[in-house]
């Protein structure tokens, strides 16, 4: 099995502690789950924040007069301290701290945080979740869940804690009763002891959650008019919904089982810890806040042991026309059941799996039709990818003849028969060609009779109905090769065994002066600690007891250096998959390269040519950049001549970061451009976005004065084979501080050894 699955992780994307320690239980009273696995703990026992786990959150602009910076986050005396300091940075009056876990939280995770607020007024102390990856659309990744935001209330002499959610997906198009753009939100206020530690928690499930204080449930996030506070607007108070955007964000309006599900619809959310100034009349900011801090004793995460189980309850390597199920798979309980099989199409007959109840009657059927589309037939309802939203938007074939696929089915059972308690059947099909198998797709509970859901839905096709059937057998019809049938209680239990193996993926392209150090990145999946065997210019090396999902292999470069991985094993000694290589080159004349024949940058509202030194300046593509002014955006364009590149083993793109204004890591997207570009380019005549396709991402470090690079070998070889004469590239902002400025020397009129280039290695 080929690797290429950086994001496929067994528990929480490899955060830190992978040993399943079921003996430690979360602080939950009236616990309905029972068996938990501790999957992550951060006790803050070191001397500094572990930036392998955490990331600093540069808040967009100033937040109530505060500027967030990493130096305000300190680890002392076994706790994390997020300091408030009275100092001016970038026009602020105060500095603050906000950090988040680098990896998103998976559904079915209970998170606990023991914290004590800053002992002053005017400071907002928060333990919350929001998406911290790139927001690609207005209807995705725009949910916020506040486990707690608390400030000292001078009128109550207690902590005033807001708990709730905000759904920002609708803001660009949704009008409230006053005709203003608004978002949907819900929350409540509770009062608590402010002078001591409190343990706040959330059991974050798939489409709902419960928030806890000291193990007691305090809010379930559900939308209802009787809740004490309809935060801002609340659902159902809007004057105007834009139909198309509404369907994309939330599902088809008018469906008979609509439930808003507490503002969450499948977003990837990161856990965040924040302390910043936020004055109110009942909680004013004063000089007493200076050098106070929000203290965090620990953060722990647990998952139900059942969802961690990788062992199927039953499996059959060879399958004919039927499978007798020995397990207790029923819709008459609150539980999930999973089924999978490896399938291969032989002709144009449909593949149909019919699940039969204990009376021999069909409960439902699911499969693949003659036109390579998915279907679920359940009672009088038929869901089909040709009509179900959002699958209908893809307009693709799900299988091809002669290729093997993994077909995975989920039965979501509810014992109740209320309006929002329909049972569910979900179906997805994945190619078994060595590419990545995803983590369990998000299950979206709002499904109409045709299978319409939100665009955030993870399963390729969904259906809902009522049933109490016990599933006793599966009848298989169709001239298809079917094998490796599995049934289990977790998604992990019905995935091929190779999926559970550890992986290590190496990447890195650097160019430095002789004697300087350079690093390559290794990304792991599986159960830590890992053992890694690798080679540096043919010399064997070993790293033991690797605990972090990402590490850097750092070498002093005295010659062109190549790093390759040989072997990775996990905590149990299980061999896994390795992939990738790294090239660390010297910046000297021995490494042959070509310079661009043209390069420039463009920015909005600037009808001016920038195709001359001294620098290329990319800035945020986001219209939420400084003061919301799109004039600060930058995009870089450059052209290389194919005829200048000889045959070579590798082609490496390099660009020199001469200035990183805010000394903050950034991510850039390197894109190819179809067709020609103008050498008199300005914003109005730049290539349209649909002519640009990403080659890969480039990470810019916090420090200036170094080359960043990317291996573009495959792309260059493809363009050469296609007979292209020019290589047109675009470099744009992808992620990071929205107002940061990066400066890169230009090179179409050679201005020194730091010009952008393509290095070729024979």
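Quick note: the coordinates plus some simple rules give every number you see, no bench work behind them. Computed from a predicted model, the values in this text were never measured in an experiment. Positions of Cβ are generated from backbone atoms using ideal geometry, with glycine treated the same way; all protein chains shown enter the neighbour counts.
Distance from the Cα centroid of region 394-437 to that of region 202-219 is 28 Å (rounded to whole angstrom). Using the average count of surrounding beta-carbon atoms within 10 Å as a protection proxy, the listed peptides 531-543, 479-491 rank, highest first, as 479-491, 531-543.
Potential lengthening of the chain between residue 371 and residue 678 amounts to 106.1 nm, from the contour at 0.36 nm per residue minus the alpha-carbon distance. When shorter helices are ignored and each DSSP H run of at least 4 residues is given -39500 (n - 2.57), the per-residue value for the chain at 222 nm works out to -1000 deg cm²/dmol. With bins 5 Å wide beginning at 0, the percent of Cα pairs of region 650-762 falling in each bin runs 2, 10, 19, 22, 23, 17, 6, 2, 0. Measuring nothing but alpha carbons in the chain and taking Rh as the Kirkwood radius, the Rg to Rh ratio lands at 0.97. What the Cα convex hull of region 270-326 gives, in volume per residue, is 209 Å³. Each peptide in 351-362, 715-726, 329-340, 582-593 gets a packing score, the mean of other Cβ atoms within 10 Å over its residues, and the list from highest to lowest is 329-340, 582-593, 351-362, 715-726.
Using the Cβ-Cβ distance between residue 564 and residue 196 with R0 set to 56 Å, the FRET efficiency from 1/(1 + (r/R0)^6) comes to roughly 0.55. The simple Förster model, with R0 at 45 Å and r as the Cβ-Cβ distance, assigns residue 694 and residue 158 a FRET efficiency of 0.30. Region 293-369 and region 642-660 have Cα centres spaced 49 Å apart. Distance between the 7 Å Cα→Cβ label points at residue 286 and residue 542: 6.3 nm. Region 439-475 and region 686-702 have their alpha-carbon centroids 36 Å apart.
Taking each residue as 0.36 nm, the span from residue 87 to residue 171 lengthens on full extension beyond its C-alpha to C-alpha distance by 26.9 nm. With neighbours defined as other Cβ atoms within 10 Å of a residue's Cβ, the residues 492, 222 order from fewest to most as 222, 492. Stretching the chain fully between residue 722 and residue 397 yields a gain of 114.3 nm (0.36 nm per residue, less the alpha carbon separation). Take every Cα pair under 8 Å in the chain that's 6+ residues apart, average their separations, divide by the length, and report that relative contact order as a whole percent. In percent, rounded to a whole number, it is 12. Annotation: Cα Rg of region 501-586 relative to the compact-globule expectation 2.2 N^0.38 Å equals 1.07. Pairs of Cα atoms in region 312-499 fall into 10 Å distance bins, from 0 up to the last occupied one, in shares of 10, 40, 40, 10, 0 percent. Each of 430, 110, 194 was scored by other Cβ atoms within 10 Å of its Cβ. Arranged with the fewest first, they read 430, 194, 110. What percent do you get for the relative contact order of region 259-408 when only Cα pairs under 8 Å and 6+ apart count? The value is 17 percent. Compactness of region 653-704, taken as the C-alpha radius of gyration over 2.2 N^0.38 Å, stands at 1.40. Contact order, relative form, for region 312-499: 39 percent (alpha carbon pairs under 8 Å, 6 or more residues apart, mean separation divided by residue count). Only Cα sites of region 50-120 enter the Debye sum here, all with the same form factor; the resulting log10 I(q)/I(0) across q = 0.19, 0.22, 0.26 1/Å is -0.88, -1.08, -1.25, listed in q order.
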